[in-house]
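The values are calculated or read from the model by the stated rules, or taken from the named source; none is laboratory data. Not measured: the values here are computed from a predicted model. Here the Cβ positions follow ideal geometry from the backbone for every residue, glycine too, while neighbour counts run over all protein chains shown.
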Amino acid sequence: MPSDSDTGGQAAKLRAILESALDAIITIDSQGIITTANPAAEALFGYAAEEFIGRNIRFLMPDPYRTEHDRYIANYLNTGQRRIIGIGREVSGLKRDGTVFPMHLAVSEFEIAGVRYFTGIIHDLTQSKATERALREAQKMEALGQLTGGIAHDFNNLLTVILGNIEMLESRLSDREQRDLAKEALEAAEAGARLTSRLLAFARRSHLEPEPVNLNQFVLSLTDILHRTLGETIQLSTVLDPSLWPVKVDPSQVESAIVNLAVNARDAMPKGGRLVLETSNARLDADAIAGLQDLPAGDYVRLSVTDTGHGMPQEVRERAFEPFFTTKETGRGTGLGLSMVYGLAKQSGGHATIYSEIDNGTSVNLYLPRSDGGMGTAAGALDDQGAFMGAGERILVVEDDERVRRLTVERLRRLNYRVLDAADAKAALHIIANEPAIDLVFSDLVMPGKMDGRDLARAIATRYPQIRVLLTSGYSEDVVRAAELRATRILRKPYRQTELAEAIAKALI
């Protein structure tokens, strides 16, 4: 028979285990009355220890578990049929503040002096369930990105044909009214291209193509669409530094960032308010960057989007840039808007910050590194539309879409290039083997067959290093991000004649 000292030691050991356990541990008798609860149970459910003792365990359960619990115990005592005991299952718990949360419950039983007791070990599944949801969202976005990329490729091929043919038709028109109609059609096609670009940006599948830009131009170009998007209850104003430094960023991503921030600000002002878009130069020294993570001292351009909305509490502000974090109701937000803005800033070598106070609005600031503005220029004459003209160089066009191929050949001939064409990579390599005097291969990235544009570029670099390669694509970032393409220029579809001419001229340098 154990001595009192042994019994006391065992009790002390048990108390130590209960107090140090990370999971909640609650013991009840056969009537469902709580006899013990450890500190982890107090922290999880929000009750003090004395508030557990003597109460039926039902008060920690939402329906339907609350109404069925006593029946579970009675059924087990009468029949021995187990529902949870010795098995464990996922159920829901109810906290003091009314929060219902997912948990895993494992129950064991024991007897003391002929009295039966049940011990439940409760593991909070809130974080793991949130991780699972985030993973599902990521998988959904991945699938959406792949679908969007495929659609964008086909859609951009169509837009390339539309833009190219209208441009060539416009150059032949002398009637002013007809030229106006052609111009309107061109603008509509370009709007379609911008739409495709934004869809890719939303799915986080767009390929970044940074170039020196002036942010003032983007703010001004978006004011019309923002006025329509924000509605009449939002007063939009701009404060733009006339001597703003250039920055090197992807133009389409900047547009998406500004629109995202403006829409978020609108949602924070359901009864209306004021939204201010501001640009300024910022020379940040060591003291100024103390609170900005991983940001080196130097010259930056600051883009600020400030609203007079309801503001963010600290716990929301600290997580606002996290992917999939959103305070909007289900179906109204993906939680990707601000994370995309933050990703753009970081990928561009800058940073993003949020300053917000409850009932005093929010200001999101993007810090983008100052650019020297140098883009490099291609040599050569210009045609009457400002496009760089060739000097008779030989170009091989590789494109599986017959309409795009035919249009591209005609465009390049008008730019004074000698042009050959092929429908796929295999045919292109055959032509190169028999026509060694080719200066440039201009190939679509996505093509049917065993070799795509990436494989063709790699083969040319290996066998014919003197031949330059320019790829074109309307497809998504997952294809063009391949490491072997980093030294290869890519022209995004759809493109105007001047963009084609400049890209060809630069590739030939």
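Some notes on this structure:
- Residue list for region 350-369, restricted to those being touching a strand residue (DSSP E or B) at 6+ places or on another chain (Cβ under 8 Å), more than 19 Å from Val259 (Cβ to Cβ) and surrounded by fewer than 18 Cβ atoms within 10 Å (Cβ to Cβ): Tyr355
- Residues that are within 17 Å of Met103 (Cα to Cα) and in contact with a Gly (Cβ under 9 Å, 6 or more places away or on another chain) within region 47-62 comprise Ile57, Arg58, Leu60, Met61, Pro62, listed in sequence order.
- Residues that are of a type in the set (D, E, K, R), in contact (Cβ under 8 Å) with a residue 12 or more places away in the chain and not in a loop (DSSP other than H, G, I, E, B), drawn from region 407-431: Glu410, Arg411, Arg414, Arg418, Asp421, Lys426
- Inside region 279-304, residues that are touching a strand residue (DSSP E or B) at 6+ places or on another chain (Cβ under 8 Å), of a type in the set (D, E, K, R) and either farther than 16 Å from Val239 by Cβ or modelled with pLDDT of 90 or more (or both) make up a count of 3.
- For region 44-62, the criterion of a residue being at pLDDT below 90, among the small types (Gly, Ala, Ser), within 27 Å of Ala130 (Cβ to Cβ) and not in a helix (DSSP H, G or I) is satisfied by no position.
- Strands (runs of 3 or more DSSP E) contained entirely in region 79-194, each with at least 1 residues that are closer than 30 Å to Leu471 by Cβ and modelled with pLDDT of 85 or more: none
- Pairs meeting the criteria (first residue in region 60-79 and in the same structural domain as Tyr47 (by TED's automatic domain parsing), second residue aliphatic (A, V, I, L, M), beta carbons under 7 Å, at least 6 apart or on different chains) are Leu60/Leu94; Met61/Leu94; Pro62/Leu94; Pro62/Val100; Tyr65/Val91; His69/Ile57; His69/Met61; Tyr76/Ile85.
- Elements of type helices (runs of 4 or more DSSP H) contained in region 440-509, each with 1 or more residues being more than 30 Å from the chain's Cα centre (by Cα) and modelled with pLDDT of 90 or more: 453-463, 497-507
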